[in-house]
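K.L.:
One structure is given below, represented as structure tokens, and several questions about it will come after.
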Amino acid sequence: MGERDERIPLTLFRWDNTSGTVTIVFKEVGFSTRKLGSLKVGDEVLNIAGPLGNPSSIEKHGAVVVVGGGVGTAAVFPIAKALKEIGVHITAIIGAKTKNLIILEDEMKEASDELYVSTDDGSKGTKGFVSQVLNMLIERGCRFRIVYAIGPPLMMKAVSDVTRPHGIRTIVSLNPIMVDGMGMCGTCRVSVGGKTKFACVDGPEFDAHEVDFDELNHRMKTYLQEERRKACTGHPQ
Ligand SMILES: Cc1cc2nc3c(=O)[nH]c(=O)nc-3n(C[C@H](O)[C@H](O)[C@H](O)COP(=O)(O)OP(=O)(O)OC[C@H]3O[C@@H](n4cnc5c(N)ncnc54)[C@H](O)[C@@H]3O)c2cc1C
Ligand code: FES
């Protein structure tokens, strides 16, 4: 944001080529996202780099399910919208811990043919995880060609565990810690199909059934102490 701040990766939620604006949706979890959240109308960020990484493939497949966990719903929205616009049948499943954390329900309704909502505590929609709703639909006999899942690593892993036995192609958008976003620093290293990939330049989308989610989860905690210190004092050391 400022000269001495870090870059953080955020997904474009919407963009408007005519007005030249982009819309982002983000959750305040630490120093940078809180700082971004504290900006007032008219404030500026130093610069925005992007778009970076590879675009989602928007092709006419059979029925598609998009699954959004927490703020991941904002990242899965443009995929659902673009696929629906070309005539793909979209089933959307969005979930969060509790009712107040469900986001973009109206937007997801518009971008899908059917919408299911779940909360871990049952305060809205089905009680349980998005992966359980997906499992229920598959067991009911719904036939899906592709599943896109975006959210916390544990949620993406749970979705991939549901689809694997049914052989349903599943694509996840990985969210490892990123620094340069250019394939040079190696921070966003992930293991996919036993090979090392950099999520910023090789992804962020990968075949879920090939991703080592346990390693991803572990690596995302690498700087937890520094992040906590920075959130409290503004300095990582
Ligand atoms: C390709 C990509 C796209 C993303 N798009 C979005 C988006 O559209 N909206 C959004 O809200 N967030 C998105 N994220 C996550 C976002 O980048 C992080 O939440 C942010 O970098 C945290 O910075 P911070 O300084 O506020 O918190 P930090 O102090 O860095 O971290 C605070 C807490 O958040 C956790 N955290 C750190 N990085 C991530 C991460 N990448 N994902 C999840 N938790 C993390 C830390 O482990 C820690 O517990 C995306 C991440 C990637 C890699
Ligand atoms: S963020 Fe540096 S290599 Fe991907």
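The values are calculated or read from the model by the stated rules, or taken from the named source; none is laboratory data. Computed from a prediction, not measured in an experiment: that's the story for all the values here. Note that each Cβ is placed from the backbone with ideal geometry, even for glycine, and that neighbours are counted across all protein chains shown.
K.L.:
Where residues in segment 204-237 are at pLDDT 95 or above and part of a loop (DSSP other than H, G, I, E, B), which of them is farthest from the chain's Cα centre (by Cα)?
P.N.:
By that ranking, first place goes to D212.
K.L.:
Kindly list, by first and then second residue, each pair from a residue in segment 176-197 that is under 16 Å from K221 (Cα atoms) and within 13 Å of ligand 1 (Cβ to nearest atom) to a residue that is among the hydroxyl-bearing types (S, T, Y) and not in a loop (DSSP other than H, G, I, E, B), limited to pairs with Cβ atoms under 9 Å and residues at least 6 apart or on different chains.
P.N.:
Close Cβ pairs satisfying both conditions: R189/T196; V190/T196.
K.L.:
Also: Going through V162, V172 one at a time, which residue ends up being of a type in the set (V, I, T), over 19 Å from H89 (Cβ atoms) and assigned to a strand (DSSP E or B)?
P.N.:
So the residue among V162, V172 that is of a type in the set (V, I, T), over 19 Å from H89 (Cβ atoms) and assigned to a strand (DSSP E or B) is V172.
K.L.:
Oh, and also: For segment 144-159, what are the residues that are assigned to a helix (DSSP H, G or I) and either within 11 Å of ligand 1 (Cβ to nearest atom) or among the hydrophobic types (A, V, I, L, M, F, W, C) (or both)?
P.N.:
Once the filter is applied, which keeps residues that are assigned to a helix (DSSP H, G or I) and either within 11 Å of ligand 1 (Cβ to nearest atom) or among the hydrophobic types (A, V, I, L, M, F, W, C) (or both), segment 144-159 yields P153, L154, M155, M156, A158, V159.
K.L.:
Among the residues of segment 5-56 satisfying the criterion of being in contact (Cβ under 8 Å) with a residue 24 or more places away in the chain and of a type in the set (S, T, Y), which is farthest from Y148 (Cα to Cα)?
P.N.:
Of everything passing the filter in segment 5-56, S32 is farthest from Y148 (Cα to Cα).
K.L.:
Is it the case that G141 is within 16 Å of ligand 2 (Cβ to nearest atom), in a loop (DSSP other than H, G, I, E, B) and among the small types (G, A, S)?
P.N.:
On the way: within 16 Å of ligand 2 (Cβ to nearest atom): no; in a loop (DSSP other than H, G, I, E, B): yes; among the small types (G, A, S): yes.
When the stated conditions are applied, G141 does not pass them.
K.L.:
Within segment 166-181, work out how many residues are away from ligand 2 (no atom under 16 Å from the Cβ) and buried (at least 16 other Cβ atoms within 10 Å of the Cβ).
P.N.:
4
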